[in-house]
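Structure record follows, encoded as structure tokens.
The values are calculated or read from the model by the stated rules, or taken from the named source; none is laboratory data. Only a predicted model underlies this, so the values are computations on that prediction, with no experimental measurement involved. Note that we place each Cβ from the backbone using ideal geometry, even for glycine, and neighbour counts take in every protein chain shown.
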Amino acid sequence: MNFEYDIYCKDFEDLGLCELYDIMALRSEVFVVEQNCPYLDPDGKDKYCDHLMIYDVNEEKLVAYARIVPPGKSYRGYASIGRVVNSMKYRNTGLGKLLMANAIRLTKEYYPDKKIKISAQTYLSDFYQSFGFKKTGKEYLEDNIPHIAMVLD
């Protein structure tokens, strides 16, 4: 699939209502509906985060998203990247790699003196390892889905 895209990263306060709606809809599409995992997605962290969005220009649709979490909001002493998601239609296009590369770049830019820690769905650990993340600790269940903590120095 070949498509034109725009990438934006905005502080929560700068998000428009339509952008916030698009974010919540995409996260629900994948995390709640596709993964059949009913949970409360708005966890109180969004208002402290920066929000990385990739829109398909032609479809005028949010197709990939990640939030950049400041140190101390998810993990003491670490910045984090969370709610990493892309729309099913856009998988295997390289979009996930583009999203994650930009999320890492921005997190390092915003928090240069902090390591990045994530809670990765276990089946995606190889994907995150390709960016230099290393597994830490043992696998655990989060919202009934196997996860593992990973850290990028």
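Residues in region 33-46 that are within 15 Å of the chain's Cα centre (by Cα) and surrounded by 12 or more Cβ atoms within 10 Å (Cβ to Cβ) were compared, and the one that is farthest from residue 91 (Cα to Cα) is 45.
Do you know which residues across region 1-24 are hydrophobic (A, V, I, L, M, F, W, C), in a helix (DSSP H, G or I) and surrounded by 12 or more Cβ atoms within 10 Å (Cβ to Cβ)?
Step one: list which residues in region 1-24 are hydrophobic (A, V, I, L, M, F, W, C), which gives 1, 3, 7, 9, 12, 15, 17-18, 20, 23-24.
Checking which are in a helix (DSSP H, G or I) leaves us with 12, 17-18, 20, 23-24.
Hits for region 1-24 are 12, 20, 23, 24.
Of 56, 143, all but one fail to be among the charged types (D, E, K, R), on the phi > 0 side of the Ramachandran plot and in contact (Cβ under 8 Å) with a residue 12 or more places away in the chain; the exception is 143.
Please find, among 111, 128, the residue that is buried (at least 19 other Cβ atoms within 10 Å of the Cβ), farther than 16 Å from residue 53 by Cβ and either at pLDDT 95 or above or over 14 Å from the mean Cα position of the chain (by Cα) (or both).
On the way: 111 fails: buried (at least 19 other Cβ atoms within 10 Å of the Cβ).
Of 111, 128, the one residue that is buried (at least 19 other Cβ atoms within 10 Å of the Cβ), farther than 16 Å from residue 53 by Cβ and either at pLDDT 95 or above or over 14 Å from the mean Cα position of the chain (by Cα) (or both) is 128.
Restricting attention to region 1-55, the residues that are out of contact with any strand residue (DSSP E or B) (no Cβ under 8 Å at 6 or more places or on another chain) and of a type in the set (Phe, Trp, Tyr) total 2. Does any residue of region 88-105 turn out to be without any contact (Cβ under 8 Å) to a residue 24 or more places away in the chain and crowded, with 16+ Cβ neighbours inside 10 Å? No, every residue in region 88-105 fails to be without any contact (Cβ under 8 Å) to a residue 24 or more places away in the chain and crowded, with 16+ Cβ neighbours inside 10 Å.
Which residue is farthest from residue 83 (Cα to Cα), if the candidates are limited to region 127-153 and must be among the charged types (D, E, K, R) and part of a strand (DSSP E or B)? Within region 127-153, the match that is farthest from residue 83 (Cα to Cα) is 138. Pairs are defined by a Cβ separation below 7 Å, a sequence spacing of at least 6 or placement on different chains, a first member in region 30-51 that is under 18 Å from residue 86 (Cβ atoms), and a second member that is among the aliphatic types (A, V, I, L, M) and in a loop (DSSP other than H, G, I, E, B); the pairs so defined are 51/15.
Scanning region 115-133 for residues that are farther than 25 Å from residue 41 by Cβ and either touching a residue at least 24 places away in the same chain (Cβ under 8 Å) or out of contact with any strand residue (DSSP E or B) (no Cβ under 6 Å at 6 or more places or on another chain) (or both) returns 115, 126, 129, 130.
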